């Protein structure tokens, strides 16, 4: 049965990769990872990286989607050597489809999309229109019976094969003359001289269709690799429906681009030396495709927080002030300096420091039973500019209880930056006013 295995072209060519997103929604972590890997694979060998917009599904296209893709790649300093938009290349796809019909490898069909789907393939694998000799309609691939198609996946380093008996007559060109992914991806990858294709594992069932199209059009097959699935910590594949998968959503949450980049590249790839901190240049330099991992990575939010904290600590006070969109005042410098080692992401800043900028609402139920005694003695200590630890010792207070009551009165919450330094930044007058409010 497998007497017609299609092999990859192994001739030495210049490395050329592509990132080919659809402008149909917000870019998610899986998309971003593919872009990073494709970029590094090309640039490690001084090859070319192409950005190709796959916009043939006009009904689902998001307004501004193309510019949004470009903007997000720019945030991570990913630059492309060539840029293409599929909807501007329709003539190429139409000619390829018509050629396949002429050569008996495809046929016109007037019952497009009527076949039910199961596991990526049609239940009725052979379309009834294939023998009707129609001259108009959608164009579908005429899949042969009792043949084999296969390739060696360079990510998992494994031969993968299918019998054509389980491959359906896939639509190549729709009635609106727009191509499906199956046709456009083959025509474009050949035309753009793509040497290595990286894509998500969910595209694996489509590969036998593509291999047949490559064969029938007489094209060399590029190296093809399917990346692992990124898994949700709660189980299952990470879903696009969850906010944590949106690149823009994560940036809005206060994750730095450098940290997000570093986290994402290690979701499915590992360096030989177990290095953890990378920038784009060091990643490209150290990139080795043998580092692709076979097991599915888990989107570990704690690890992302750790990376983000590392990069926040690396910033100068002025850089952090700028990223927080604060004025560069002496007060803000003091506040940022106080919390820099304590925040995991930029969005933590407001919740941790709001009491510096406005008087907090305090729930007196948070105080301990001796809070008035604690606050009176704290007032006396601050007025006489004494070390508050001396006040604790002199009055035989419990240290934790004393400072917790002080913290609640000053900030309104139990978890804050160091309270002594916080009072110093607020100023003696403001600090005393907040304490006196509860006496």
Which of the residues spanning the range 110-131 are in contact with a strand residue (DSSP E or B) (Cβ under 8 Å, 6 or more places away or on another chain) and either modelled with pLDDT under 70 or assigned to a strand (DSSP E or B) (or both)?
112, 113, 115, 116, 123
Within the range 8-109, considering only helices (runs of 4 or more DSSP H) that don't extend past its boundaries, which have at least 2 residues that are closer than 23 Å to residue 247 by Cβ?
29-43, 65-75
What is the one condition in (1) out of contact with any strand residue (DSSP E or B) (no Cβ under 8 Å at 6 or more places or on another chain); (2) at pLDDT 95 or above that residue 12 does not satisfy?
(2)
I want to confirm something. Restricting to the range 188-207 and keeping residues that are under 22 Å from residue 162 (Cα atoms) and in contact with a helix residue (DSSP H, G or I) (Cβ under 7 Å, 6 or more places away or on another chain), which single residue is surrounded by the fewest Cβ atoms within 10 Å (Cβ to Cβ)?
200
I'm trying to understand the selection: among the residues of the range 343-359, which are touching a helix residue (DSSP H, G or I) at 6+ places or on another chain (Cβ under 7 Å) and either surrounded by 15 or more Cβ atoms within 10 Å (Cβ to Cβ) or assigned to a helix (DSSP H, G or I) (or both)?
343, 344, 345, 346, 349, 352, 353, 355, 356
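Identify the residue in the range 324-341 that is touching a residue at least 24 places away in the same chain (Cβ under 8 Å) and surrounded by 15 or more Cβ atoms within 10 Å (Cβ to Cβ) and, among all such residues, is nearest to residue 253 (Cα to Cα). Talk me through it step by step, then tell me what you get.
Looking only at the range 324-341, we keep the residues that are touching a residue at least 24 places away in the same chain (Cβ under 8 Å), and these are 324, 331, 334-335, 338-341.
Next, from what is left, pick out any that are surrounded by 15 or more Cβ atoms within 10 Å (Cβ to Cβ): 324, 334-335, 338-340.
On the way: 324: 12, 334: 23, 335: 20, 338: 21, 339: 17, 340: 17 Å.
This residue is 324.
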Residues in the range 393-415: is at least one free of Cβ contacts under 8 Å to residues at least 12 places away in the same chain and surrounded by 14 or more Cβ atoms within 10 Å (Cβ to Cβ)?
no
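Taking the residues in the range 227-236 that are farther than 10 Å from residue 297 by Cα and surrounded by fewer than 16 Cβ atoms within 10 Å (Cβ to Cβ) as candidates, determine which candidate is modelled with the lowest pLDDT. Walk me through it before giving the result.
Quick first cut of the range 227-236, residues farther than 10 Å from residue 297 by Cα only: 227, 234-236.
Filter once more, so that each one left must be surrounded by fewer than 16 Cβ atoms within 10 Å (Cβ to Cβ): 234-236.
Values: 234: 82, 235: 79, 236: 82.
That would be 235.
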Can you tell me which residue is nearest to residue 424 (Cα to Cα) among those in the range 301-323 that are loosely packed, with under 14 Cβ neighbours inside 10 Å and touching a residue at least 24 places away in the same chain (Cβ under 8 Å)?
313
Restricting attention to the range 38-78, the residues that are within 18 Å of the chain's Cα centre (by Cα), surrounded by fewer than 16 Cβ atoms within 10 Å (Cβ to Cβ) and farther than 23 Å from residue 184 by Cα number exactly 4
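In the set 139, 224, 194, which member is at pLDDT 95 or above, under 29 Å from residue 102 (Cβ atoms) and in a loop (DSSP other than H, G, I, E, B)? Walk me through it before giving the result.
Values: 139 fails: in a loop (DSSP other than H, G, I, E, B); 224 fails: in a loop (DSSP other than H, G, I, E, B).
Every option except 194 fails the conditions.
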Give 369, 327, 276 a once-over and let me know the one that is within 30 Å of residue 40 (Cβ to Cβ) and outside any helix (DSSP H, G or I).
276
Taking residue 379, is it part of a helix (DSSP H, G or I) and either touching a helix residue (DSSP H, G or I) at 6+ places or on another chain (Cβ under 8 Å) or farther than 30 Å from residue 249 by Cβ (or both)?
yes
Residue 286 fails exactly one of the following numbered conditions: (1) under 20 Å from residue 155 (Cβ atoms); (2) modelled with pLDDT under 95. What is the number of that condition?
(2)
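The values are calculated or read from the model by the stated rules, or taken from the named source; none is laboratory data. For clarity, every value in this text was computed on a predicted model and none was experimentally measured. Quick reminder, even Gly has a Cβ in these numbers, built from the backbone with ideal geometry, and neighbours come from all protein chains shown.
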